[in-house]
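The values are calculated or read from the model by the stated rules, or taken from the named source; none is laboratory data. The model shown is predicted, which means the values in this text are computed figures rather than measured ones. Cβ placement follows ideal geometry from the backbone for every residue including glycine, while neighbour counts extend to all protein chains displayed.
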Amino acid sequence: MPNLKVGVVGLGWVAGAHIETFKQIEGVEVVAIHSRRSLNEAELSNQFGIPLKVYNDYDAMLKDASLDIIDICTPHPFHAAQAIAAANAGKHIYLEKPIALSYKDALAVSQAIEKAGVRSCVGFELRFSGQGVAIRSMIEQGLLGTVHYGEVDYYHGIGPWYGQFPWNIKKDMGGSSLLTAGVHALDTLLWFMDGEVEEVTSYSCKSDNEIFSSYEYDTTSVSLLKFKDGRIGKVASVIDCLQPYYFHINLTGSKGSMLDNKFYSSQLKGTSKDRWSELGVPMIDSGDVDDHPYKPQFASFVESIRNKKDMALTDFKTALVTHKVAYAADLSAQEGHPVKLANLDK
């Protein structure tokens, strides 16, 4: 069976990590790059150790019949239009988060993917992390019982030392603290709690440190989630902090609790609620894309295309559910009142 061929759109930090990851997966190869910059094919091929064709015209790339997958790694505001065009061209799509900066645009992408019948994958790779998979497994095995309260928080200062800072500071580029970064925490919480959100209340503010003064939107937000079954959750997105990267997880269930990589379960004989036990797993502890668990996610995506089935965990439909909560949260912070998710469809 011939290799699936990938065209990567945008050539930044994330794209580089994607290319290196695809090189490790059997049955797929990156063969083309689209960039608005003038790139030398020979130098680029030497850099990544594989032959790469360069396109400056996105439409021309989509007309390349040899390409099976379009991997979209551009800044946020380009995602929706590029994904729709790729779907219309019959290409399978890997789309970095956020899927769009508005619910309207996200729905348009969803409709295009469904109409074209192509496979999709969204950059919520933390669902493939060792820590995430272990915690989800514990929940599925009943070790925590029913999780009635959960909080997952994202602390990662995105300042001038970070590559995306120059464009991320703009409202029409970054969107919000939640959309540009904290949506990873939101998605992880929804995965753990596995329920439908009915209403969200969100508040936001920003640091008065001069480092973050150029941001055109609030850089810290906290969102309270009410699930239809009465359970509650909380997500903080803090991209104006001065501290090491921290992905905080705290789950409280009827039979136990989880705190980052520590846990107590009444279902395990010999344990005591007076002390934590610890998971020996790779942690979610870095904002560096080179540390992200892309390999298992990309392998799952390739397998889904081969099997002509939607992939598990990070297909577009699943990602749309997470993004809808994020859009409602941003609307709540903007308007100063709770927002019911059903109202977004009116």
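Count of segment 244-254 residues, restricted to those that are surrounded by fewer than 19 Cβ atoms within 10 Å (Cβ to Cβ) and among the β-branched types (Val, Ile, Thr), is 1. The residue that is surrounded by the fewest Cβ atoms within 10 Å (Cβ to Cβ), counting only those in segment 260-289 that are under 27 Å from SER176 (Cβ atoms) and charged (D, E, K, R), is ASP288.
Let me confirm something: among ASP59, ASP71, which residue is of a type in the set (Asp, Glu) and crowded, with 22+ Cβ neighbours inside 10 Å? Can you show your working first?
On the way: ASP59 fails: crowded, with 22+ Cβ neighbours inside 10 Å.
Every option except ASP71 fails the conditions.
With a requirement of 3 or more residues that are within 16 Å of SER257 (Cα to Cα) and at pLDDT 95 or above, the helices (runs of 4 or more DSSP H) lying completely within segment 126-218 that satisfy it span 130-140, 183-193.
Within segment 17-28, residues that are surrounded by 13 or more Cβ atoms within 10 Å (Cβ to Cβ) reach partners that are among the hydroxyl-bearing types (Ser, Thr, Tyr) with beta carbons closer than 7 Å, at six or more positions or on different chains, in the pairs ALA17/TYR294; HIS18/TYR294; THR21/TYR294.
Listed by first and then second residue, the pairs linking a residue in segment 91-106 that is closer than 20 Å to ARG119 by Cβ to a residue that is buried (at least 22 other Cβ atoms within 10 Å of the Cβ) and among the basic types (Lys, Arg), with Cβ atoms under 9 Å apart and 6 or more places separating them unless they lie on different chains, are HIS92/ARG119; ILE93/ARG119.
Taken as a whole, the structure leaves LYS53 outside the set of residues that are surrounded by fewer than 19 Cβ atoms within 10 Å (Cβ to Cβ), among the basic types (Lys, Arg), more than 22 Å from GLY163 (Cβ to Cβ) and out of contact with any Gly (no Cβ under 9 Å at 6 or more places or on another chain). Scanning segment 97-115 for residues that are of a type outside the set (A, V, I, L, M, F, W, C) and surrounded by fewer than 22 Cβ atoms within 10 Å (Cβ to Cβ), we see that the one that is farthest from the chain's Cα centre (by Cα) is LYS115.
Among the helices (runs of 4 or more DSSP H) confined to segment 1-108, the ones with at least 1 residues that are modelled with pLDDT under 95 and aromatic (Phe, Trp, Tyr) are located at 13-22. Residue check: is SER35 surrounded by fewer than 17 Cβ atoms within 10 Å (Cβ to Cβ), out of contact with any helix residue (DSSP H, G or I) (no Cβ under 7 Å at 6 or more places or on another chain) and hydroxyl-bearing (Ser, Thr, Tyr)? Criteria not met by SER35. Screening SER257 with (1) more than 24 Å from the chain's Cα centre (by Cα); (2) surrounded by fewer than 16 Cβ atoms within 10 Å (Cβ to Cβ); (3) touching a residue at least 40 places away in the same chain (Cβ under 8 Å) gives one miss only, at (2).
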